[in-house]
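A.B. asks: Dumping the structure here so I can ask a few things about it.
The values are calculated or read from the model by the stated rules, or taken from the named source; none is laboratory data. Since the structure is predicted, the reported quantities are computational estimates derived from the model, not experimental observations. Don't worry about glycine lacking a Cβ; one is built from the backbone with ideal geometry, like all the others, and counts go over all protein chains shown. Note: accessible area is taken over every heavy atom of the protein model, side chains too, but ligands, DNA and RNA are not part of it. Shrake-Rupley method; radii C 1.70, N 1.55, O 1.52, S 1.80 Å.
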Amino acid sequence: MSRNTVQNTRIEDIRAIYLALAELVALMNRPQRDQRMVEEAGIPLDRALFPLLVGIGRLGPIGIVELADRAGRDHTTVSRQVARLEELGFVRRQAGKTDKRVREAAITAAGRKLTDAIDKARDRLLGAMLADWRREDIATLASLLQRLAHDAQGD
């Protein structure tokens, strides 16, 4: 096989990966997906608050600006939404550990119960999608996605 053919195949594979990732991101960002997850989890949470609670649960304590950046939202909007989560008792805001001027959001025990229900709902929904997959294929996909996510953080 010529070098040009190998290079073209590599470019085609990279484009196919990008298109698949773009489609998955578009699916993940749909409000209907968040609503479905909230319903499946059986939790009393507005779907707009759902991704923030999950982010705080996974990454917290986390600063509001960083949370907003990760969510792709304006930090003033996220600040109001985190205040709502705090009113509901699912998160608490506190001074940053390294910089006391930074306000961080941390999950509470009540918030952890919700994220645990979300995790179980996600397991059920994703498990149903992968029901016909071989165990080895699922393990390979998980490993490769973790590697891609790790490598993407280096940019």
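A.B. asks: Being free of Cβ contacts under 8 Å to residues at least 40 places away in the same chain, crowded, with 16+ Cβ neighbours inside 10 Å, β-branched (Val, Ile, Thr) and out of contact with any Cys (no Cβ under 8 Å at 6 or more places or on another chain): is that true of Val54 here?
C.D. replies: Working: free of Cβ contacts under 8 Å to residues at least 40 places away in the same chain: no; crowded, with 16+ Cβ neighbours inside 10 Å: yes; β-branched (Val, Ile, Thr): yes; out of contact with any Cys (no Cβ under 8 Å at 6 or more places or on another chain): yes.
For Val54, the condition - free of Cβ contacts under 8 Å to residues at least 40 places away in the same chain, crowded, with 16+ Cβ neighbours inside 10 Å, β-branched (Val, Ile, Thr) and out of contact with any Cys (no Cβ under 8 Å at 6 or more places or on another chain) - is not met.
A.B. asks: Would you say Arg122 is farther than 19 Å from Met28 by Cα and in contact with a helix residue (DSSP H, G or I) (Cβ under 7 Å, 6 or more places away or on another chain)?
C.D. replies: Details: farther than 19 Å from Met28 by Cα: no; in contact with a helix residue (DSSP H, G or I) (Cβ under 7 Å, 6 or more places away or on another chain): yes.
Against the criterion (farther than 19 Å from Met28 by Cα and in contact with a helix residue (DSSP H, G or I) (Cβ under 7 Å, 6 or more places away or on another chain)), Arg122 does not qualify.
A.B. asks: So, one more: Let me confirm something: among Thr77, Thr108, Thr98, which residue is closer than 18 Å to Pro31 by Cα and of a type in the set (Ser, Thr, Tyr)?
C.D. replies: Details: Thr108 fails: closer than 18 Å to Pro31 by Cα; Thr98 fails: closer than 18 Å to Pro31 by Cα.
Criteria check complete, one pass: Thr77.
A.B. asks: Related question: Name the pairs whose Cβ atoms lie under 7 Å apart, with the first residue in segment 125-154 and in contact (Cβ under 8 Å) with a residue 60 or more places away in the chain and assigned to a helix (DSSP H, G or I), the second surrounded by 12 or more Cβ atoms within 10 Å (Cβ to Cβ) and not basic (Lys, Arg), and 6 or more positions between them or separate chains?
C.D. replies: The qualifying pairs are Leu125/Glu40.
A.B. asks: To continue, here is another question. Out of the residues in segment 17-42 meeting the condition of being aliphatic (A, V, I, L, M) and open to solvent by less than 60 Å² (accessible area, probe 1.4 Å), tell me which one is farthest from Arg103 (Cα to Cα). Lay out the reasoning, then the answer.
C.D. replies: Within segment 17-42, the subset aliphatic (A, V, I, L, M) is 17, 19-22, 24-28, 37-38, 41.
Checking which are open to solvent by less than 60 Å² (accessible area, probe 1.4 Å) leaves us with 20, 22, 26, 37-38, 41.
Working: Ala20: 36, Ala22: 33, Ala26: 30, Met37: 28, Val38: 27, Ala41: 29 Å.
Here the answer is Ala20.
A.B. asks: Let me ask another. Given the options Arg92, Arg101, Arg84, name the one that is basic (Lys, Arg), farther than 17 Å from Val54 by Cβ and either without any contact (Cβ under 8 Å) to a residue 40 or more places away in the chain or in a strand (DSSP E or B) (or both).
C.D. replies: Values: Arg92 fails: farther than 17 Å from Val54 by Cβ; Arg84 fails: farther than 17 Å from Val54 by Cβ.
Answer to the selection: Arg101.
A.B. asks: Whether any residue in segment 57-78 is within 29 Å of Glu23 (Cα to Cα), among the small types (Gly, Ala, Ser), without any contact (Cβ under 8 Å) to a residue 24 or more places away in the chain and surrounded by 15 or more Cβ atoms within 10 Å (Cβ to Cβ) is what I want to check.
C.D. replies: Yes - at least one qualifying residue is present in segment 57-78.
A.B. asks: Do we find that Leu45 is open to solvent by less than 60 Å² (accessible area, probe 1.4 Å), under 20 Å from Arg122 (Cβ atoms) and assigned to a helix (DSSP H, G or I) in this structure? Working first, answer last.
C.D. replies: Values: open to solvent by less than 60 Å² (accessible area, probe 1.4 Å): yes; under 20 Å from Arg122 (Cβ atoms): yes; assigned to a helix (DSSP H, G or I): no.
It is false that Leu45 is open to solvent by less than 60 Å² (accessible area, probe 1.4 Å), under 20 Å from Arg122 (Cβ atoms) and assigned to a helix (DSSP H, G or I).
A.B. asks: Just checking, does segment 7-22 include any residue being at pLDDT 85 or above and farther than 26 Å from Gln153 by Cβ? Talk me through it step by step, then tell me what you get.
C.D. replies: Step one: of segment 7-22, the residues at pLDDT 85 or above are 10-22.
Next, only the ones that are farther than 26 Å from Gln153 by Cβ stay: none.
No - not one qualifying residue is present in segment 7-22.
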